[in-house]
Amino acid sequence: MHGALGAQSAVEFLTTYSWAFLLIALMVGVLFVFAFTPKSIISSTCSFYSGFYCYDAVFNTVYSAGHVATGSELKVLLSDTQVGVINISRFNAVVSGTQSFTGSCTNTTLRQGNKTLCTASFNSIERTGTINLGVLNITGYYCAHAISNLNSGTCTSSSGNYIVLGNVRVQTQ
């Protein structure tokens, strides 16, 4: 009889206090989420007026090998929407009023649908979580005709200057 009463008390104890344990675990979880997430989370947005589709933008602090902050970097993933070929000669950006000192794209000769990752570097160091607004600028040359060998074909200055502007909103990571 003592065994049955002991089991019954154990079951009663678990059912009574399991709600309290569950509530405590839930409160600890909520506190953990609020303590370790940034105060404001916005989605990055970028867009161009014409010529390119912008998939994503990231703005982060750049560190040296000794883990010392040396500047900031804006990375933008783009896709060419123009029919023909675009040769990108320059990429730069102004973010939160600061002009990039250098900029480049991984793929500078693009056909319609091709993607490229463009990076602009800044001397300034932004605080993590800061919301930044900026303007993007792509300069290059546009060929309306298809180039048979994309690796060696280029559009020259005679084919006309090509300038595309865009906007970006990113949070420093």
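The values are calculated or read from the model by the stated rules, or taken from the named source; none is laboratory data. These numbers were taken from a predicted model, which means no experiment stands behind them. Cβ coordinates were reconstructed from backbone atoms using ideal geometry, including for glycine residues, and neighbour counts include every protein chain displayed.
Points to keep in mind about this one:
- From the list 148, 157, 152, 89, the lone residue that is over 19 Å from the mean Cα position of the chain (by Cα), at pLDDT 85 or above and over 19 Å from residue 46 (Cα atoms) is 89.
- Evaluation of residue 77 against (1) modelled with pLDDT of 80 or more; (2) hydrophobic (A, V, I, L, M, F, W, C); (3) out of contact with any Asp or Glu (no Cβ under 8 Å at 6 or more places or on another chain) (one fails), failing number: (3)
Conditions (1) at pLDDT below 75; (2) among the aromatic types (Phe, Trp, Tyr), marked per residue:
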{"position": "1", "(1), (2)": "yes, no"}
{"position": "5", "(1), (2)": "yes, no"}
{"position": "18", "(1), (2)": "no, no"}
{"position": "26", "(1), (2)": "no, no"}
{"position": "32", "(1), (2)": "yes, yes"}
{"position": "36", "(1), (2)": "yes, yes"}
{"position": "42", "(1), (2)": "yes, no"}
{"position": "45", "(1), (2)": "no, no"}
{"position": "49", "(1), (2)": "no, yes"}
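- Scope the stretch 106-118; condition part of a strand (DSSP E or B) and more than 14 Å from residue 46 (Cβ to Cβ); matching residues: 109, 110, 111
- Residues of the stretch 77-93 satisfying the condition of being of a type outside the set (A, V, I, L, M), more than 20 Å from residue 132 (Cα to Cα) and either assigned to a strand (DSSP E or B) or in contact (Cβ under 8 Å) with a residue 40 or more places away in the chain (or both): 79, 80, 82, 84, 87, 89, 90
- Across the stretch 40-76, the qualifying residues are those that are surrounded by fewer than 11 Cβ atoms within 10 Å (Cβ to Cβ) and touching a residue at least 24 places away in the same chain (Cβ under 8 Å), and the one among them that is farthest from residue 142 (Cα to Cα) is 40.
- Residue that is farthest from residue 114 (Cα to Cα), among those in the stretch 42-86 that are among the small types (Gly, Ala, Ser) and under 16 Å from the mean Cα position of the chain (by Cα): 72
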